[in-house]
1. With surrounded by 13 or more Cβ atoms within 10 Å (Cβ to Cβ), in a loop (DSSP other than H, G, I, E, B), among the small types (Gly, Ala, Ser) and without any contact (Cβ under 8 Å) to a residue 60 or more places away in the chain as the only criterion, which of ALA61, ALA10 stands out?
2. Hey, among GLN32, GLN85, GLN43, which residue is free of Cβ contacts under 8 Å to residues at least 24 places away in the same chain, at negative phi and assigned to a helix (DSSP H, G or I)?
Amino acid sequence: MDRTGLAFFAGKYIWWKSADEAVAQPERVIAQVMNIGDFDDIQHLEMLVGADTLTHVLTHAEIGQFTPRSWSYWHYRLGLSDVDQVPPLPVRRLA
């Protein structure tokens, strides 16, 4: 994975950490851009990491990484769900 390209996104979308710290968790950076990125950044991210990586990040998302809107958008965009068939967001399960 191109960490140099992700460093740009890390600095812009993971503002509470240094870019180096954020890039150490590339899936977190990708999820953040997928969740709140603007259209141009999303296009750039997809070219940088590819649809397979985006799919992996979405299907392995942690609780709270996606809003309901972005969760649905990415399931539709990546062809993972049909209309009204989007799986529920990840939830915390108490033991």
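1. Exactly one residue qualifies, and that residue is ALA61.
2. Matching residue, one of GLN32, GLN85, GLN43: GLN43.
This table checks each residue for (1) surrounded by 12 or more Cβ atoms within 10 Å (Cβ to Cβ); (2) assigned to a loop (DSSP other than H, G, I, E, B); (3) not charged (D, E, K, R).
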| position | (1), (2), (3) |
| --- | --- |
| GLU27 | yes, no, no |
| MET47 | no, no, yes |
| ASP52 | no, no, no |
| LEU89 | yes, yes, yes |
| LEU94 | no, yes, yes |
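Every number in this text was worked out from the coordinates using simple rules, so none of it is lab data. Bear in mind the structure is a predicted one, so any value in this text is a computation, not a measurement. A quick note on method: Cβ atoms are made from the backbone with ideal geometry, for glycine too, and the neighbour counts reach across all protein chains shown.
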